[in-house]
Structures are given as C-alpha cells and as structure tokens.
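Heads up: the structure comes next, in structure tokens.
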Amino acid sequence: MGGKRHAGGDKDGATSKKYSFWPEKLDKPLVECILELVEKGLIVDGNSKNSGYAALEKMLEQKVPGCGVRGRPHIEGRIKKLKKNWQAITFMRNQSGWG
C-alpha cells in the first residue's frame, strides 16, 4: 500500500513509529464499499461489526486489484480520519455565516 513514512527517531536515524500512506485514489472506492455494507447491515450507525472490516478489505481488493490495504489498521484508520473531517465540516457549516 505505498511506502512507509517514519516519525520521530534519534541521532542514529532509528525511528519510533511508522505511518502508512493512504492513496487518495482509494477514497471513492472505500466510500462506495461502505455504502454497500450499510445497505447489507454490516455497518450500523457508522460502526462496523467485526466482519465489516474484512468485507471492506475484500471489496476494495476487487475494486482496486493489488491495493494491498488491510481492514485493520489501514481501513479502520482511514474511516476514523474521514469521520473526523466530516464532523469538522458539519460543525463549521452549522455556525452562523456559513452556507
């Protein structure tokens, strides 16, 4: 799923944490897969059941062969990020003076 980016580290170049890159080209297929799983009842009230991440992993692999994303931590982390961004946008839009 792309390269690794390292954060932290000491003077010898040792790293303390690894971060995975999420290719933006996977956002649209991910949302499409999530909507399909919501319709099937595997994702309820925005929370995925245990089988939901495995199903998302398989569906994404079918839509984007060779993408190599895993249900956890890749998909789980991206969903958290999308939720956080959506909540921020919703909050701003609810403030006076916004659209």
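Taking the criterion of being within 14 Å of the chain's Cα centre (by Cα) and among the aliphatic types (A, V, I, L, M), the residues of segment 60-99 that qualify are Leu60, Val69, Ile75, Ile79, Leu82.
If you go through segment 57-74 and keep only what is among the hydrophobic types (A, V, I, L, M, F, W, C) and either in contact with a Lys or Arg (Cβ under 8 Å, 6 or more places away or on another chain) or farther than 13 Å from Lys28 by Cα (or both), you end up with Val64, Cys67, Val69. Can you work out which of the residues in segment 44-57 that are of a type outside the set (A, V, I, L, M, F, W, C) and in contact with a Gly (Cβ under 9 Å, 6 or more places away or on another chain) is modelled with the highest pLDDT? Filtering segment 44-57 for residues that are of a type outside the set (A, V, I, L, M, F, W, C) and in contact with a Gly (Cβ under 9 Å, 6 or more places away or on another chain), the one modelled with the highest pLDDT comes out as Glu57. Please indicate, with yes or no, whether at least one residue in segment 31-43 is at pLDDT below 85, assigned to a loop (DSSP other than H, G, I, E, B) and surrounded by fewer than 12 Cβ atoms within 10 Å (Cβ to Cβ). Yes, the conditions are met somewhere in segment 31-43.
The values are calculated or read from the model by the stated rules, or taken from the named source; none is laboratory data. All values derive from a computational prediction rather than experimental measurement. Glycine also receives a Cβ, built like all others from the backbone with ideal geometry; neighbour counts cover every protein chain displayed.
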